Ligand code: SAH
């Protein structure tokens, strides 16, 4: 899968994703992340890309020209018009379902704003999806873009070593994941639950499902209610 990230601080994206699992996937060619510097498309001799907001008010707004031109330079290299995700606190809140949808794309363009945001006309011209990572305001769209890329990438076949692990995780079945344990079996007097050492797969599955329900009910009652309604299950 190929990600194009449009940003004024492209180095942040590369520094953030060239390590660990995503870094390995980039090295092996399963993922490709190209950070496109919007400033390269400035038509100003000082390389300026922002200006004061019409109507007054605090902060600077990114101008439409460089954003649209950066997009066109990417679109030229794509098969058809690519999906363009604008990271914004005003968007739909990102979730696992959206990550699954985005993972179906061969190419995905992610647009990061900075300062007060981007001129509305640029957004209207190119953006297909408005996505927020939560109800708080950050200085720029780079961290949100990395959040989206990271979560989408781990759903791309070949990125995780073990295909299984993307399927049994929190949210994949509408519930939070069960607790995990590894060696030692006794850590400072704290024992691993007996059932996990039993080798009885049926009992282990049952225990894990119960723990998933228990945690989801405790920490995410909203998800729990939904799961119960959908599974028509009163246990
Ligand atoms: N004035 C804007 C906020 C600008 S924050 C408003 O009130 O809506 C600057 C940039 O950071 C935004 O353009 C966006 O790309 C990014 N950003 C900030 N918070 C975000 C969030 N919660 N989710 C996604 N992107 C965010």
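Every read-out reported here was derived from the displayed coordinates using simple, explicitly stated rules and does not represent laboratory data. This structure is a prediction, so every number in the text was calculated from the model and none was measured. Because the Cβ atoms are built from the backbone with ideal geometry, glycine has one as well, and the counts that use them run over all protein chains shown.
Taking 39, 81, 154 as the candidate residues, the one with maximal mean-square fluctuation in a Gaussian network model of the chain, Cα springs under 10 Å, is 81. With the biggest extent put first, the Cα atoms of segment 45-159 measure 47, 34, 22 Å across the principal axes.
Convex hull volume per residue, computed on the Cα atoms of segment 92-206, equals 160 Å³.
In segment 83-135 the Cα-Cα distances spread across 10 Å bins starting at 0 as 24, 57, 19, 0 percent of all pairs.
Using just the Cα positions, wrap the chain in a convex hull and report its mean projected area in square nanometres, one decimal place. Don't jump to the answer; show the numbers that get you there.
Details: hull surface 70.0 nm².
If I average the Cα hull's projected area over directions, I get 17.5 nm².
What are the semi-axes of the equivalent ellipsoid of segment 112-173, taken as the square roots of 5 times the eigenvalues of the Cα gyration tensor, listed largest first and rounded to whole Å? Write out the running numbers ahead of the final one.
Values: eigenvalues 178, 34, 23 Å².
Result for segment 112-173: semi-axes of 30, 13, 11 Å.
Relative to the longest principal axis of the Cα atoms of the chain, helix 221-231 runs at roughly 70 degrees. An ellipsoid equivalent to segment 20-91, defined through the eigenvalues of its Cα gyration tensor, has semi-axes of 29, 16, 14 Å when rounded to whole angstrom and sorted largest first.
Annotation for residue 186 and residue 229: the two label points, set 7 Å from Cα along the Cα-Cβ direction, are 4.8 nm apart.
Computed over the chain with a Gaussian network model linking Cα atoms closer than 10 Å, the most mobile of 217, 48, 188 is 188.
By count of other Cβ within 10 Å, fewest leading, how are 94, 171 ordered?
On the way: 94 21, 171 17.
If I rank by nearby Cβ atoms, fewest first, I get 171, 94.
So if I take the alpha carbon set of segment 171-213, get Rg, then get Rh from the Kirkwood formula, what is the Rg over Rh ratio?
Details: Rg = 11.6 Å, Rh = 11.4 Å.
Using Cα coordinates only, the ratio equals 1.02.
At full extension, residue 209 and residue 121 could sit 26.8 nm farther apart than now, given 0.36 nm per residue minus the alpha carbon distance.
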